[in-house]
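Inspection log for the structure reproduced underneath, given as structure tokens.
The values are calculated or read from the model by the stated rules, or taken from the named source; none is laboratory data. All values derive from a computational prediction rather than experimental measurement. Note that each Cβ is placed from the backbone with ideal geometry, even for glycine, and that neighbours are counted across all protein chains shown.
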Amino acid sequence: MKEQEFLQEIKEIELLNEALALLEWDSQTGMPEASSEFRGETVGYLSGISFERSVGPKIQEALTYFETHQDELSELGLSVYKKTKENYELNHSIPAERMQAYNIALTNAHAAWLKARKAKDFAEMKNEIQTLIAFLKEFIPYWKKDETTNYDVLLNQYEPGLTVEKLDEIFAQVKTGIMEIRATIAEKGTVPRTDFLSRRVTKEQQRTFVMGVAQQLGYDFTRGRLDDTVHPFMLDLNRNDARITTRWDETNFSMATFGVIHEAGHGIYEQSIDPKYDHTPLSTGASMGIHESQSLFNEIIIGSNKQFWEKQFPFFKECTAGAFDDIDFETFYDSLKETKASLVRIEADSLTYPLHIIIRYEIEKMIFNENVSIDELSQIWNDKYEEYLGIRPENDLEGIVQDVHWSGGSFGYFPSYALGYMYAAQLRHAMGKEIDVDTILASDDYSPIKNWLTEHIHQYGASRKPNQLILDATGEALNPQYLIDYMKSIYYDVYKINE
Ligand code: ZN
């Protein structure tokens, strides 16, 4: 077996996956609803082929041969070999027909989720979710290596090395930190004015503004595009085609504004991966948590920065045709950082957001480690919101049906969002030692920030592990304190608290 032959096989699998990604994008943006069963079959068929190839005789032969002939591999070949071996071990013991059945179940679950949203009732998707959970419980023993619990196995797939034991400790620290900030704000804070946030801004006006901002931040629209969807996401076919989506509300411009800034962060990451990783499994993000660190760097680090908004405010006023001419900058900025308990995760402010994640984490832990009944989930969800955020959903659309993740089989994924917050704050701290971030954000040229992130994170794609990337980029392991300190500085400023 020659390296070239191995890389050619890998490339052909990647080409199939690229076609699957395009089908996925289509089914979430423009596909007629009635087509979902047909699409499910197409996706099931193609993903079956992709899966068979990825565990097929050629790959097996390559893995066996290079196990003892690693000296014949180039540096790139060796990285691809290691990643392929990892993926193979993750998948090889699951029978292809079970994987194919799972993929069909995923398409059905997505359709059921859309129905449940319409009915505002979890019962509409309960059976499909139950099926997915059963599939995952069937797969966990195949995936399990040295993890302690079932849920650890799922966590590990999204963030290598992450455990319930570590997360319990980190989330306890984050929860305490956030609770303290919320208590101080409730006691001494001056609530910002926000009435003007609901002023009508047309979809076209919002598009002009937010596409301009995304471009300035480094998202390349010649290698991406922006479409409408129910639940916003970024999807990459390759580094020259990293697509983003959003949803719009003409009486709440900040939703799409921060949403697009967020997804653009994911897109910039994919667009900036070293071309040498093209057509290999390394041409993607290092992990879900690292991916979120890039989108959240845009959304909560840059998106909370006063200099950034001072610079953007005239452009915003220009795009909105005078609708905000009576609002001064300080009032405008403070309004964007109001914090208020909310029921919907993607509408949550950056301070309360991690609490939404902690709730999902605790429920997923119950599903996979404690075998909680599917019939109790809606009630448990509502109880936890009442306990942590002091508010209770009136229906499942405001509650357990709001997110796409579980119908996508992505159990173990949610904690990545919270990790993304912590990584982003830690990266901001490290970046500040080398470049003057505030001054750059007040200028016309944001490229030093994008370049720093490309140098330390983007370029490596999936060739390095998350903990190594963070250690190399910041000089220390994950430390949640940077996030708590950052939140304090932003929210105490907005709420006029002097300590
Ligand atoms: Zn994201």
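Of Tyr158, Tyr219, all but one fail to be hydroxyl-bearing (Ser, Thr, Tyr), in contact (Cβ under 8 Å) with a residue 60 or more places away in the chain and surrounded by 19 or more Cβ atoms within 10 Å (Cβ to Cβ); the exception is Tyr158. Checking the structure you have, find out if any residue of the stretch 157-176 is outside the structural domain of Tyr460 (by TED's automatic domain parsing), within 16 Å of the ligand (Cβ to nearest atom) and not in a helix (DSSP H, G or I). So far as the stretch 157-176 goes, yes, one or more of its residues are outside the structural domain of Tyr460 (by TED's automatic domain parsing), within 16 Å of the ligand (Cβ to nearest atom) and not in a helix (DSSP H, G or I). Here Gly399 clears all of (1) within 19 Å of Leu162 (Cα to Cα); (2) part of a loop (DSSP other than H, G, I, E, B) except the condition numbered (1).
Scanning the stretch 263-279 for residues that are touching a residue at least 40 places away in the same chain (Cβ under 8 Å), more than 16 Å from the ligand (Cβ to nearest atom) and not in a loop (DSSP other than H, G, I, E, B) yields a count of 2. Residues that are closer than 23 Å to Trp406 by Cα and of a type outside the set (Phe, Trp, Tyr) within the stretch 219-236 comprise Asp227, Asp228, Thr229, Val230, His231, Pro232, Met234, Leu235, Asp236, listed in sequence order.
Scanning the stretch 1-25 for residues that are assigned to a helix (DSSP H, G or I) and of a type in the set (Lys, Arg) gives a single hit, Lys11. Quick check on Leu377: is it crowded, with 19+ Cβ neighbours inside 10 Å, more than 24 Å from Met125 (Cβ to Cβ) and among the aliphatic types (A, V, I, L, M)? When the stated conditions are applied, Leu377 does not pass them. Scanning the stretch 403-416 for residues that are away from the ligand (no atom under 15 Å from the Cβ) and outside any helix (DSSP H, G or I) turns up Gly409, Phe411, Gly412.
Regarding Ser79, is this residue more than 23 Å from Pro275 (Cα to Cα) and in contact (Cβ under 8 Å) with a residue 60 or more places away in the chain? Answer is no for this residue.
Of the residues making up the stretch 193-210, at least one is under 24 Å from Glu310 (Cα atoms) and within 20 Å of the chain's Cα centre (by Cα). All conditions but one from (1) more than 15 Å from the ligand (Cβ to nearest atom); (2) assigned to a helix (DSSP H, G or I) apply to Leu419; the one that does not is (1).
Quickly run through the stretch 85-139 and pick out the residues that are touching a residue at least 24 places away in the same chain (Cβ under 8 Å) and not in a helix (DSSP H, G or I). Those that are touching a residue at least 24 places away in the same chain (Cβ under 8 Å) and not in a helix (DSSP H, G or I): His92, Ser93, Ile94, Lys120, Asp121, Phe122.
For Ile367, state whether it is in the same structural domain as Asp168 (by TED's automatic domain parsing), in contact (Cβ under 8 Å) with a residue 60 or more places away in the chain and under 21 Å from the mean Cα position of the chain (by Cα). No; evaluated as a whole, the condition is false for this residue.
Out of all the residues in the stretch 26-81, which are part of a loop (DSSP other than H, G, I, E, B), over 28 Å from the mean Cα position of the chain (by Cα) and under 17 Å from Lys11 (Cα atoms)? Result: Gly56, Leu73, Ser74. Does Met179 count as in the same structural domain as Ser350 (by TED's automatic domain parsing), over 25 Å from His291 (Cβ atoms) and in a helix (DSSP H, G or I)? Yes. One residue alone among Thr64, Thr42 is out of contact with any helix residue (DSSP H, G or I) (no Cβ under 8 Å at 6 or more places or on another chain), of a type in the set (Ser, Thr, Tyr) and surrounded by fewer than 18 Cβ atoms within 10 Å (Cβ to Cβ), and that residue is Thr64. Being of a type outside the set (S, T, N, Q), farther than 24 Å from Ile185 by Cβ and either touching a residue at least 60 places away in the same chain (Cβ under 8 Å) or more than 16 Å from the ligand (Cβ to nearest atom) (or both) is a description that applies to Pro314.
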